[in-house]
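What follows is calculated from the coordinates using simple rules that are stated; it is not laboratory data. Since this is a predicted model, take the numbers as computed values, not measurements. Cβ coordinates were reconstructed from backbone atoms using ideal geometry, including for glycine residues, and neighbour counts include every protein chain displayed.
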Amino acid sequence: MWPFGRRDDEEKKHRRAFREATRALERGERSNAIETLAKVVQEAPEDFAARVNLGAAYYQNGEYVAAARQFEAAHELQPENPKVLLNLAAAKSALDQDDEAIELLLQILEIDPQFRDVHYNLGIAYWRKGRLPEAMAEVEMELALHPDHEAARQTLQRLRAAAGAGDEEAGAQAPNHRTDDADE
């Protein structure tokens, strides 16, 4: 066999494993997806999509430290990718690292101020920090850009209720961040 044919076979095997893991993730088979994607990433650490999907699988499985590690590695591969920054911000928030999450979300605004979910997630991060006026402004901006964003609409109602009640514990009632879906 020619040495070039072997590389093609390995690439096909790699792509097949990636597709299999992505389908497992879509079916909610997180453990299977994690196992397969971890092998793909081990064999090809520069595979951006595999890292993002592995991070998503870890996040969905509640393994936020592992998710953050994968999103950080993906961020190193594509530092200007707003999807990776959004996912990394969600993982940081899940780890109660809201200041870091806010910084990442602000980076997204510099790249693409209309990126879906960024204003919503920034609003949630501000809410968690007890910064209700900023939280409401960000969620309102999300709705101005994306009027069909039902979670943002519901969050704005909750924010208005919390602000009207003078709720000092509003940060503890903030919903979770949204992540972007896995790559295909």
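Once the Cβ-Cβ distance of residue 114 and residue 44 is raised to the sixth power relative to R0 = 25 Å, the FRET efficiency obtained is 0.15.
Protection proxy ranking of 50-59, 94-103, by the mean of other Cβ atoms within 10 Å over each peptide's residues and highest first, is 50-59, 94-103. Label-point separation (nm) for residue 10 and residue 32, each offset 7 Å from Cα along Cα-to-Cβ? The modelled label-to-label distance comes out at 2.8 nm. Full extension of the chain between residue 165 and residue 103 yields a length gain of 19.4 nm, computed as 0.36 nm times the residue separation minus the alpha carbon distance. Compactness of the range 84-135 was expressed as the Cα radius of gyration divided by 2.2 N^0.38 Å, which yields 0.99. Taking one quarter of the surface of the C-alpha convex hull of the chain gives a mean projected area of 11.2 nm². The length gained by stretching the chain between residue 96 and residue 65 to full extension, at 0.36 nm per residue less their Cα-Cα distance, is 10.0 nm.
In terms of its alpha-carbon gyration tensor, the range 1-79 comes out oblate; a/c meets the 1.5 threshold, while b/c is at least as large as a/b. Only DSSP H runs of four or more residues enter the estimate; each adds -39500 (n - 2.57), and after division by the residues of the chain the mean residue ellipticity at 222 nm equals -23500 deg cm²/dmol. Comparing 63, 46, 11, which has the greatest mean-square fluctuation in the GNM of the chain with Cα pairs linked when under 10 Å apart? With Cα springs under 10 Å in the chain, the top fluctuation among 63, 46, 11 is at 11. Taking Cα atoms, how many degrees apart are the long axis of helix 30-43 and the longest axis of the chain, rounded to 10 and kept between 0 and 90? It works out to around 60 degrees.
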